[in-house]
1. Which order do Lys219, Lys296, Lys167, Lys155 take by accessible area at a 1.4 Å probe, largest first?
2. Once amide H atoms are placed 1.01 Å from N in the peptide plane, what residues at a sequence separation of 5 or more from Gly249, or on another chain, have their amide H within under 5 Å of its amide H?
3. Just the ratio, please: alpha-carbon radius of gyration of region 81-200 over 2.2 N^0.38 Å, N its number of residues.
4. Given R₀ = 25 Å, FRET efficiency for Lys296-Asn250 by Cβ-Cβ distance, to 0.05?
5. Along the positive direction of the dipole of the chain (beta-carbon charges: Lys, Arg +1; Asp, Glu -1; about the Cα centre), which of Ser201, Leu147, Val106 reaches farthest?
6. What 222 nm value per residue comes from the helices of the chain, counting each DSSP H run with n ≥ 4 as -39,500 (n - 2.57) and dividing by all residues, nearest 500 deg cm²/dmol?
7. Would you work out the Kirkwood radius for region 197-287? I mean one over the mean of 1/r across all pairs of different Cα atoms, in Å.
8. Using 0.36 nm per residue of separation minus the Cα-Cα distance, give me the extension gain between Val140 and Leu128 in nm, one decimal.
Amino acid sequence: MSAASAAIERTPVRPGSAARARMLRAMLPALSLALVVIAIAWLNPRAISYFGFNLMLNLAIPIALATIAQMFVIASNELDLSIGTFVGFVACITATWLRDAPLVGVLILLGSIGVYALLGALIHLRNLPSIVVTLGMSFVWQGLAILTLPTPGGKAPDWLSAIVSFKPPLVPFPIVAAVVIALVVHFGLMRTSYGAILRGSGGNPVALGRAGWSILRVKMTLFALAGLFGVLSGMTLVGITTAGDANIGNGYTLLAIAGVILGGGEFVGGRVSPIGAVLGALTLALAASPLLTFMKIPPDWQVAANGIILIVVLAARVLISRRER
């Protein structure tokens, strides 16, 4: 790796090389997803069909929504270690209160989004490490979920089950939903003036403050958006599984972080990509079960295989970034 890096750094860069490197770096999430799909098609051609994609990507949308939630937090140079247990809490509320007493359920979910906004304010005002604060909140969300639903059960609202079971013609619903999520968030965060302000809180908060913008308000907005997409993730997950469980989203924390990084995001600098984050989530969803199952890799090794995929993609991105510089 070091010899290759030294060779790249010694290579003279032509004017168009940096632009090509930037383009290749931006295309890495799509290339990663394409390679996974090609591998699945080679191992099991029958999986590349309407029914196959619908089955393989069935749980990809909740992961994509949780990844977008994590992306908003990372955009402010913070990290949320509670998004997985928060998704589990929302799932329990959705399967109980939202079905039996919709008004109470809606108020609880709105209140949870408000708690997320207050977490952003607390982290900013007291200059607390977000890792510590959100790690503590993960136990709070887990406890509330267990109090709400001590054992797996409950039932998804009928209207929610109808939405997630919708079958559009030609293109499977998970793909349609992923495209809509990616485009809506991309437009809001990357193509609007306030989206630039939100990203600026991670890129250059000092300049943002000097320009008259409230960093406190911006961080509260980012954390509230994270809470909103966490709520959507939990609700979608219940709609797919038709029941709630306090532990149903525990694995989403690491998946969400990996999806953001795999999609081109970085922990500092406010550099995130909504489209890349969704592509990263889809890549992890396909690699987590269908691909490794078709390769006959035991379930105990599947998590390690996901880690290897992430490391390989990040190593390629580092080499491309050095070429770009």
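The values are calculated or read from the model by the stated rules, or taken from the named source; none is laboratory data. From a predicted model like this one, the values you see are computed outputs, not experimental measurements. Don't worry about glycine lacking a Cβ; one is built from the backbone with ideal geometry, like all the others, and counts go over all protein chains shown. We work out accessible area using only protein heavy atoms, side chains counted, and drop any ligands, DNA or RNA first. Shrake-Rupley method; radii C 1.70, N 1.55, O 1.52, S 1.80 Å.
1. Most to least solvent-accessible, the answer reads Lys296, Lys167, Lys155, Lys219.
2. Gly88
3. After normalising by residue count via 2.2 N^0.38 Å, the value is 1.29.
4. 0.45
5. The listed residue farthest towards the positive side: Ser201.
6. Helices in the chain give a 222 nm mean residue ellipticity of -24000 deg cm²/dmol.
7. With all distinct Cα pairs of region 197-287 included, I get 14.8 Å.
8. 2.6 nm
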